[in-house]
Amino acid sequence: MDSCETHIHEECGVFGIYAANPFHVGDTVYYGLYALQHRGQESCGITVSNNGRFTTHKDLGLVSEVFTPERLASLGEGTMAVGHVRYGTTGNSGRENAQPIVVSHFTGNLATVHNGNLTNAAELRRELEGRGSIFHTTSDTEIISYVLTQERLETYTAEDAVLRAMNRLRGAYSLILMLEDKLIAVKDKNGFRPLCYGRNRHGDYIIASESCALSSVSAELIRELEPGEVVVFDRDGVHSIKDNCGKAPEAMCIFEYIYFSRPDSLIYGNSIHHARLRAGRFLAKDYPVDADIVIGVPDSGTDGAIGYSQESGIPYDIGLIKNKYIGRTFISPGQKSRETGVRIKLNAVRETVEGKRVVLVDDSIVRSTTIARTVAILREAGATQVHVRITAPPFLNPCYYGVDIDSRENLIACKYSVPEICNLIGADTLGYLGIEHLPELPGDSGRTYCTACFTGDYKTRIPEETKRDMFEESV
């Protein structure tokens, strides 16, 4: 990640289809991945199964860059397919770590797509290498594939192999596994990452990280998988296996509601959009201020800004415009170029903010660089005051479950107090969402959430080896 980039990245998005009849299923996966592009922009890939014969294409880049019409056509027809968009938290950004990870073995072909991060990846890899496994990537998804293959050697069914593998895997993993005759969806025992499934009018089953991807292919959401659940899609229909449910504390990532998931998605029936509105309302109650206008940092702060406006009565308006046409290939080689790049990516609407006391709402502050530049842009456009409100608490701890915070050293809140951060970013006032509000964001009271990046309350054993590139030297 660029040293001046300050947004948190999540690991990836997964998508799968089990079709009633053969057709170009890769096209459906393409549209699903397009809807999940916000979850990963480093690489993407699709594997199609035609009677157990797997055809894969994957590469670095956005979905629209990697999959031309010709590439999609080359995947051919089939009844099953899986796809993936990636932002890596374990392993580098090279093409070799793009997914799906496909393993060909005498027990059968296996294509794996994975959202999350294993906390025991290092020890599992050492164990597998000790048994003769040769790794071609530096991601923990290949480790999962090898564990599954190893378990398949010692048991009779793929379902049994998955259940046994789950007893060896620790941490966060929402998986879609494509075998020669079935798809298997798996959520880890804590349920860190979202995974849902639905059905379209043709009778095809769709599995995805978020419900917005189901909507994008005209599929109706059926439900979210439960923590520890395994759901099998095959010629006999849908089968749920709950042997591993209830065996670990439930710990859905609360940051899915704050930032990662798209506003039009539902998780366990809870609206992401409404969760962010609530965050804004809480901020308006806890940090009121005399101001003329409320604006959000696009697009992550928009919902929170609307909520702040609704609660406070201060009008909401569009005060910042984001250039949506700058992709991953945008290059800023020098400091002056980087500063120009920020202005190309984000610009103030002078007519909205000039002469106004502005409340600026965003989702988080990681290193403070971007928010400081945003405040400066508003002041240069004539804002007389800028009051920053953040719809998350301060980041104080690393995440081991699929978010790219692997140490405390780059977290601004670990070095400075809130008043000091306020001064560093050039704001008049600064308010973070209170930790006590986190359980209230989803709008239900029946589930528990992982808040470790804010509170330090980890639901699994903390790994000893945590760096993203920990496997680089062995490849």
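Annotation: Asp243 fulfils all but one of (1) surrounded by fewer than 23 Cβ atoms within 10 Å (Cβ to Cβ); (2) in a strand (DSSP E or B); the unmet one is (2).
Which ones in the stretch 293-314 are among the charged types (D, E, K, R) and either within 19 Å of the chain's Cα centre (by Cα) or not assigned by TED's automatic domain parsing to the domain that holds His387 (or both)?
Initial filter on the stretch 293-314 (among the charged types (D, E, K, R)): 299, 303, 311.
Asp299, Asp303 - these are the residues of the stretch 293-314 that are among the charged types (D, E, K, R) and either within 19 Å of the chain's Cα centre (by Cα) or not assigned by TED's automatic domain parsing to the domain that holds His387 (or both).
Exactly one residue out of Leu153, Leu179 is surrounded by fewer than 16 Cβ atoms within 10 Å (Cβ to Cβ) and more than 15 Å from Gly228 (Cα to Cα), and it is Leu153. Scanning the stretch 11-30 for residues that are buried (at least 24 other Cβ atoms within 10 Å of the Cβ), more than 22 Å from the chain's Cα centre (by Cα) and over 17 Å from Ala111 (Cα atoms) returns no hits. Considering the conditions (1) modelled with pLDDT of 95 or more; (2) over 13 Å from Ala111 (Cβ atoms), Ile176 is excluded by exactly one of them, (2). Looking only at residues of the stretch 107-132 that are within 30 Å of Asn51 (Cβ to Cβ) and more than 29 Å from the chain's Cα centre (by Cα), we find that the one that is surrounded by the fewest Cβ atoms within 10 Å (Cβ to Cβ) is Gly108.
Determine which member of the set Glu154, Glu180, Glu142, Glu210 is acidic (Asp, Glu), over 24 Å from the mean Cα position of the chain (by Cα) and under 21 Å from Pro100 (Cα atoms). Walk me through it before giving the result.
Numbers: Glu154 fails: under 21 Å from Pro100 (Cα atoms); Glu142 fails: over 24 Å from the mean Cα position of the chain (by Cα); Glu210 fails: over 24 Å from the mean Cα position of the chain (by Cα).
Going through Glu154, Glu180, Glu142, Glu210 in turn, the sole match is Glu180.
When we screen Tyr34, Tyr87 for residues that are within 21 Å of Ser174 (Cβ to Cβ) and at pLDDT 95 or above, the only hit is Tyr34.
Selection of the stretch 316-357 for residues being at pLDDT 80 or above, part of a loop (DSSP other than H, G, I, E, B) and either among the polar types (S, T, N, Q) or exposed (fewer than 12 other Cβ atoms within 10 Å of the Cβ) (or both) yields Asn323, Gly355.
Assessment of the stretch 249-271 against the conditions (assigned to a loop (DSSP other than H, G, I, E, B), closer than 20 Å to Ile144 by Cα and not assigned by TED's automatic domain parsing to the domain that holds Ser300) yields no matching residue. Scan the stretch 413-424 and give yes if some residue there is under 22 Å from the mean Cα position of the chain (by Cα) and either closer than 30 Å to His114 by Cα or in contact (Cβ under 8 Å) with a residue 40 or more places away in the chain (or both), otherwise no. Within the stretch 413-424, none of the residues are under 22 Å from the mean Cα position of the chain (by Cα) and either closer than 30 Å to His114 by Cα or in contact (Cβ under 8 Å) with a residue 40 or more places away in the chain (or both).
If the condition is being closer than 17 Å to Pro439 by Cα, in contact with a Gly (Cβ under 8 Å, 6 or more places away or on another chain) and crowded, with 24+ Cβ neighbours inside 10 Å, then the stretch 381-395 contributes Ile390, Thr391.
The values are calculated or read from the model by the stated rules, or taken from the named source; none is laboratory data. The model shown is predicted, which means the values in this text are computed figures rather than measured ones. As a convention, Cβ positions derive from the backbone with ideal geometry for all residues, glycine included, and neighbour counts pool all protein chains shown.
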